[in-house]
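So the structure is just underneath, and the comments pick up after that.
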Amino acid sequence: MECTEESVDMRLMTPKERAEGQRQTELLFQLNHTLPFSEDYQKLLQELFGDNLGENSMIAPPINGSCVGTMKIGEDVYINSNLLAMARGGVTIEDHAQIAANVQLITNNHDPYDLQILTCRPILIKAYAWIGAGATVLPGVSIGRHAVVGAGAVVTKDVPDYGVAVGNPAKVIKTLDKQKFER
């Protein structure tokens with residue numbers, strides 16, 4: 001993944017950006033207080049994500065974060081409850097990925113010298129990847145195709161296709177047999 005870094009001065013947000021942030025916050029509140037997987041819930045997901053939510057993808061509430069509506073979620077993705085997505089830098093989740101409960105996707109850090117400046121870098125989760133419960137994926141990281149991130153892992157570096165990463169910080173401990181995925 002080509003990772004582009006962007007600095008954002010939060011003091012310079014336009015009224016339009018602030019209004020969109022408020023709209024997404026309100027939608028998240030409604031979503032988190034609606035019966036999951038009901039018709040109303042599906043309508044709220046569609047309003048929040050629009051064309052960025054692929055067919056047959058499911059997101060279990062609650063969902064929290066900022067710029068969540070800008071995430072791109074592929075087809076047949078399952079995201080379990082308590083997702084925290086600080087998505088200002090961009091999050092793409094490709095088809096068939098699975099994300100367990102209590103996962104954090106963090107695309108931005110505050111500048112230590114000026115806390116109103118955010119440094120943003122996108123996260124990419126490739127097709128068929130699996131992110132374990134309580135894992136944290138930090139800015140600029142790419143999780144490879146069919147890769148596995150273990151529960152509680154803190155991912156600071158890219159995980160290659162078919163890689164299994166565990167620990168804090170996460171380290172790739174093995175590579176899965178690619179041929180076992182071909183059917």
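The values are calculated or read from the model by the stated rules, or taken from the named source; none is laboratory data. All values reported here derive from a predicted model rather than from experimental measurement. Every residue, glycine among them, receives a Cβ derived from its backbone with ideal geometry; neighbour counts consider all protein chains shown. In case anyone asks, the SASA skips ligands and DNA or RNA and just uses the protein heavy atoms, side chains included. Shrake-Rupley method; radii C 1.70, N 1.55, O 1.52, S 1.80 Å.
Provide the per residue accessible area, probe 1.4 Å, for the chain, rounded to a whole number of square angstrom.
54 Å²
With an 8 Å Cα cut-off and a minimum separation of 6 or more residues, compute the relative contact order for the chain in percent.
So the answer I get is 14 percent.
Taking GluC sites (Glu not before Pro) that fall in a DSSP loop and have at most 16 other Cβ atoms within 10 Å as cut points, what is the longest piece of the chain between them?
Counting only loop sites that pass the neighbour cut-off, the longest clear stretch is 76-181.
Assuming R0 = 30 Å, what is the FRET efficiency of Asn64 and Lys157, from their Cβ-Cβ distance, to the nearest 0.05?
Step by step, r from the Cβ atoms, then E = 0.75.
What ranking of Tyr128, Tyr41 comes out by heavy-atom accessible area, probe 1.4 Å, highest first?
These residues rank, largest area first, as Tyr128, Tyr41.
Give the total of Lys-Lys pairs in the chain with Cα-Cα distances below 19 Å; include a pair only if its members are 8 or more places apart or on different chains.
Pairs that pass both the separation and distance tests number 9.
Calculate, for Arg18 and Ile173, the FRET efficiency according to 1/(1 + (r/R0)^6) with r their C-beta to C-beta distance and R0 25 Å; round to the nearest 0.05.
Once rounded, the FRET efficiency stands at 0.05.
Which shape class applies to the chain: rounded if a/c is under 1.5, otherwise prolate when a/b exceeds b/c and oblate if not, where a ≥ b ≥ c are the square roots of the Cα gyration tensor eigenvalues?
Oblate, because a/c is 1.5 or more while a/b does not exceed b/c.
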